[in-house]
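*Asks:* Next up is a structure, given as structure tokens.
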């Protein structure tokens, strides 16, 4: 007999408890001497990333051995494409900030079912902030319903790469340049809290960067859009996405989306689509 499938809420509880333990492991390396090196894509990785990844793989897959596994720090296994549910994991999102001693790095965990996130956690251990969501039940911050708090007055606060800022300025958008937060997941969920009015990402973000945050945003009533194709779909063969935008004020959409497309472009018929296998 097959065991009854677990509910998304049960998966969320597993993610929450695993994120706390992962945060404890990572904090043991935070602001301490740590071995770090650069991966082939020029992004940094540390021994903390690897150890947290190994812990999460052992913990989560022991609890759900029939789930697939997709993590930034684990070699991809195409067997995940045959699994209905998949763990999507970034053991330390914002490694650059982690290595600089900044406190906004996160552990980002999601369960994706048939391409759609159904449970997600973005946990910032040093800030003691756990954002989580289960599909259809809303988003939470430290267990309380997550509600967007409007900033009193002021211009829209939007962090973005310099080239995007230049395009927005050229279009005459009146806004304030937001703070640089190295964890994309953390940056995205700040749109749900009201601390940011928009968050964007250059083309090339991967499933583990955004799956948990996408669900938290959605459950908070804020869509995360790939500006080229619309709502992201997860656990495809290629896990990269086009430029992304999360907006609390949809009046910003025409200018922000246009700026991202102008700076980063969209896949054309002449180049491999983002969901197609890419040459190494």
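*Asks:* Quick check on the stretch 39-51. Is at least one of its residues more than 21 Å from residue 211 (Cβ to Cβ) and out of contact with any strand residue (DSSP E or B) (no Cβ under 9 Å at 6 or more places or on another chain)?
*Replies:* Yes; the residues of the stretch 39-51 include at least one that is more than 21 Å from residue 211 (Cβ to Cβ) and out of contact with any strand residue (DSSP E or B) (no Cβ under 9 Å at 6 or more places or on another chain).
*Asks:* Go through (1) modelled with pLDDT under 95; (2) more than 14 Å from the chain's Cα centre (by Cα) one by one and return the number of the condition residue 142 breaks.
*Replies:* Condition (1) is where residue 142 drops out.
*Asks:* With respect to residue 73, is the statement that it is closer than 17 Å to residue 206 by Cβ and touching a helix residue (DSSP H, G or I) at 6+ places or on another chain (Cβ under 8 Å) true?
*Replies:* yes
*Asks:* Something else now. Tally time: how many residues in the stretch 1-35 are modelled with pLDDT of 95 or more, surrounded by 13 or more Cβ atoms within 10 Å (Cβ to Cβ) and not in a helix (DSSP H, G or I)?
*Replies:* Qualifying residue count, the stretch 1-35: 3.
*Asks:* Then there is this: Only one of these conditions is not met by residue 79: (1) surrounded by 13 or more Cβ atoms within 10 Å (Cβ to Cβ); (2) closer than 29 Å to residue 13 by Cβ; (3) in contact with a strand residue (DSSP E or B) (Cβ under 7 Å, 6 or more places away or on another chain). Which number is it?
*Replies:* (1)
*Asks:* In this structure, is residue 125 more than 30 Å from residue 7 (Cβ to Cβ) and either assigned by TED's automatic domain parsing to the domain that holds residue 234 or in contact (Cβ under 8 Å) with a residue 60 or more places away in the chain (or both)?
*Replies:* It is false that residue 125 is more than 30 Å from residue 7 (Cβ to Cβ) and either assigned by TED's automatic domain parsing to the domain that holds residue 234 or in contact (Cβ under 8 Å) with a residue 60 or more places away in the chain (or both).
*Asks:* Being part of a loop (DSSP other than H, G, I, E, B) and either closer than 28 Å to residue 29 by Cα or touching a residue at least 24 places away in the same chain (Cβ under 8 Å) (or both): is that true of residue 112 here?
*Replies:* The answer is no for residue 112.
*Asks:* Please enumerate the residues belonging to the stretch 36-55 that are on the phi < 0 side of the Ramachandran plot, assigned to a loop (DSSP other than H, G, I, E, B) and without any contact (Cβ under 8 Å) to a residue 40 or more places away in the chain.
*Replies:* Listed by number, the residues that qualify are 39, 40, 41.
*Asks:* Also, quick follow-up: Which ones in the stretch 142-165 are touching a helix residue (DSSP H, G or I) at 6+ places or on another chain (Cβ under 7 Å) and within 16 Å of residue 220 (Cβ to Cβ)?
*Replies:* Listed by number, the residues that qualify are 146, 148, 149.
*Asks:* Restricting to the stretch 95-109, what's the tally of residues that are part of a loop (DSSP other than H, G, I, E, B) and surrounded by 24 or more Cβ atoms within 10 Å (Cβ to Cβ)?
*Replies:* Result for the stretch 95-109: 1.
*Asks:* Would it be correct to say that residue 64 is in contact with a helix residue (DSSP H, G or I) (Cβ under 9 Å, 6 or more places away or on another chain), surrounded by fewer than 21 Cβ atoms within 10 Å (Cβ to Cβ), assigned by TED's automatic domain parsing to the domain that holds residue 54 and touching a residue at least 24 places away in the same chain (Cβ under 8 Å)?
*Replies:* yes
The values are calculated or read from the model by the stated rules, or taken from the named source; none is laboratory data. From a predicted model like this one, the values you see are computed outputs, not experimental measurements. So basically every Cβ, Gly included, is an ideal-geometry build from the backbone, and we count neighbours across all protein chains shown.
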